Protein chains: 2
Amino acid sequence: MSERSVFNFLNPEGGIPRELTDGMATNIFFGDNVMISLVRCEPHAKGSLHSHAEEQWGIMLEGSGKRIQGDETFEVKKGDFWKTPGGTEHTFEAGEEGAFVIDIFSPPRDDYRTAGSGFGKK
Amino acid sequence: MSERSVFNFLNPEGGIPRELTDGMATNIFFGDNVMISLVRCEPHAKGSLHSHAEEQWGIMLEGSGKRIQGDETFEVKKGDFWKTPGGTEHTFEAGEEGAFVIDIFSPPRDDYRTAGSGFGKK
């Protein structure tokens, strides 16, 4: 039987769970070059400022929030997507209705290959 | 002024346009490691079977369709996302209401850096 290749972001079965911070949890899926992270944020959940070598993109499917990266702050809403080059300090704060964001990383983050908590190594 | 880093998939301004085939058009955004392709398919639009070395993921945001890859065929609907390893022959056929799919490639596809048509080099 071949490896599973179809998943669903409304029911993230098959992903590796991770609690990023209070009110911000994800399920993670790995390819060879890409890692997909389905991040659900409760209202006003806020990450800590961090960076990593891997390039990251975020796609906002629900809600709103504030994306901070480098020296810029963007108010983001449903439909917005953004690029965060590797090595850029960044964080996210959900708006009052919370947020659902699909994050894309390349290359995959080895520190997320097992279930755990936190934003991983700096 | 820094390079633009926030876009919107409901209004794909800033992307490079490409007509993949009749009834299937995209706008493309580049990072260093990732390429994002916002593919809008008219009802029953159908791609041709093709492959490329780059890993690909598809995220279905609207509609439904049939994903064919390798020797498997998947009926896909809103919320589904799928992994297509590099070098795997694949195609997509939209259902009766059309489809909106965000495709993710890594590494980026150099043959998509300029506006054009078709699925690019084999």
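Nothing in this text is a laboratory measurement; each read-out follows from the coordinates by a stated rule. Every value quoted in this text rests on a predicted model; they were computed, and no experiment measured them. Quick reminder, even Gly has a Cβ in these numbers, built from the backbone with ideal geometry, and neighbours come from all protein chains shown.
Whole-Hz ³J(HN,Hα) for each residue in region A:95-108, computed from phi via Karplus 6.51 cos²θ - 1.76 cosθ + 1.60 with θ = phi - 60°, x for glycine and proline: what do you get?
x, 6, 9, x, 7, 10, 10, 9, 9, 10, 10, 8, x, x
With a cut-off of at most 13 other beta carbons within 10 Å, and DSSP calling the residue loop, which GluC sites (Glu not before Pro) in region B:17-71 qualify? Please list them.
none
Express the Stokes-Einstein translational diffusion coefficient of region A:28-109 in µm² s⁻¹, to the nearest whole number, given a Kirkwood radius over alpha-carbon pairs, 10 °C and a viscosity of 1.306 mPa s.
For these conditions, the coefficient is 126 µm²/s.
Determine which chain A residue has its Cβ at minimum distance from the rotation axis mapping A onto B, giving the value in whole Å.
Result for the axis mapping A onto B: A:S106, 2.
Hey, could you pull the Cα Rg and Dmax for the protein assembly as shown, both in Å?
That works out to 17.1, 51 Å for Rg and Dmax.
Within 10 Å of each Cβ in A:76-88, how many Cβ atoms from other chains are there, averaged over the peptide?
What the average comes to for A:76-88 is 4.
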